[in-house]
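Heads up: the structure comes next, in structure tokens.
No value in this document is a laboratory result; all are computed from the given coordinates. The model shown is predicted, which means the values in this text are computed figures rather than measured ones. Because the Cβ atoms are built from the backbone with ideal geometry, glycine has one as well, and the counts that use them run over all protein chains shown.
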Amino acid sequence: MLKSFSKRMMPRLPQFVPVDISRTCGAYSKLREHDEVLFRRMATEMPHKLPLFEGYQLGVVANAYARMDIRDDLLFDDIADEVLRRPHELNHVTLLLLANAFAHFKIRHSRLWPVLAEWLLEAQLDFQAQDIGAVLNALSAVDYLDEALLRSLLASLSEEPLLSEATPATLCLVFNALGRLRRPQPADVEAVRAVAVLSQQVSTGLDSLGPPSLMQLLHACARWKPLRSPDLTEGILQNVSQRISQFQAQSLCLLVHSCSRLQQRDVRLLTQVAKAMAPQLSQFTPQALALTAHAFARLDVRSEILFYLMAEEMVQKMPLFSGQGVGLTLQAFGKLQIKNQKLIRACIKHVRALSEELTGQEVDAIEAGLQQLEMLDGSTDALLRSLRRKLMMQAAYSPEDDPWEASAESLLQRLSEDAEKVVRADSQYSVPLPKQTSEDSVGASPEHIQPDDGPADLWAMWSSHPRSDAVEGDTPASDVDSETAGATPRAKLKEYLSRPAVIGRKTMVVGELQRGRKSGRRQDKAM
């Protein structure tokens, strides 16, 4: 019914007023009816009507597109412009909807987020506990930090009545956002005190959290040190050990990775994790396999059976591995001295396929892992050394970093600008050309003209300037000559051209004897 309804609706969209469009978007989002054709058509109809939308209608439209996961950058740019034009018309609910919608698509609008943060700070008194969690999650999703807003929201959430309203799931969302933002700083005493209160509150409700929420909370504590507390960490690990059979592949990977960062070497728990992982290895992504192996190696936990099964799974998924994943895998197996020949050969083969995409850190990690395994053969070593030289050449300094290059570029730029001034002056004022002399005709002979296909000679370029001889003298011939000469004195050019040699440049020394010989040859030819 909804599909036939949308087909009849699309031809009539030009007659829709803003309230009709916002209600249609809201209805489809509540019904979870993903009609991308209709939403794309409405996106083309809305831009010229957005100035007529009410403030709350902008939030409804943005939220509908986010819930339907239909991204339209042009539409969201227009919505951002409307928000910047009239932020005073938005209430706290609309601000929250807009922040969530832009964060859902990771749209880091440079001018929008400061305005949203400013008005969210003014509207914070109207927020409930779950609203604060949603705001912090949106800010962390786009990696935008506003210290005043963050400190104010944490202070409000750590006090009554919001503290009693905050559910463990909301507090878990808050901790995850703080871990991504890496806040609060240890020096921020007020915010650290608020986090301690929230930590005690969430510790009492760990039993109501599912495995994903528990791992989200543990990962946040592992990511940012000020969020850790002994009671919270021990409570999470104790709760995990009782429900390890309920954990899926992603949760198991996060568990091992967080334990390695927290240096929690609980052999009993890790043994349970290894047993739970074995039947679920096919669900692990290549990155999860590499991170899990690396975490076990950091904790120095060697499980021959688990690593054998992981190696078999890695070989099958090796074409999907990135350079970072290959480096982590080789380092993990090398640290534990588990030499799986099949996996090592697959890694070396994949390194050759990824040779054009590897970074310097990935090359170093791959080389270190192969050296630990004593499997670095000559051809692979030569390939890695070649890649390292290539990356070093690409990371070499730019010409602007070389003072000689910078001065040369500045000089050539100045000469070219002065030449343009002379050309413009000649075109503006028509002055009769002087009579050509024999010396001028000889100087313009093909012997003294630089060929077009050869390298440019700076000295020849300067010598060919008609005013170069006049500038070097004590006084110019006239005021016009001094203004239109536009040439650097020969003394400075000689100093520039006779400077020490650098890479890619040939030193040129012009002496008085050479100039005398050239002038003598010119006189002979003239005679």
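Taking only the alpha carbons of the stretch 206-322, we obtain Rg and Dmax values of 13.8, 43 Å in that order. Each residue of the stretch 371-384 is assigned a 3J(HN,Hα), and the resulting list reads 5, 5, 7, 6, 10, 8, 7, x, 5, 5, 4, 5, 5, 5 Hz, derived from the Karplus form 6.51 cos²θ - 1.76 cosθ + 1.60 (θ = phi - 60°), x at Gly and Pro.
For ILE70, no residue 5 or more places off, or on another chain, has a built amide H under 5 Å of its own. Listed by Cβ neighbour count within 10 Å, with the fewest neighbours leading, ILE21, ILE79 appear as ILE21, ILE79. When the trypsin sites (Lys or Arg not before Pro) in the stretch 101-143 are filtered for DSSP coil states and for at most 11 other beta-carbon atoms within 10 Å of their beta-carbon, the remaining sites are LYS106, ARG111.
Using only the C-alpha atoms, the convex hull of the stretch 1-129 corresponds to 102 Å³ per residue.
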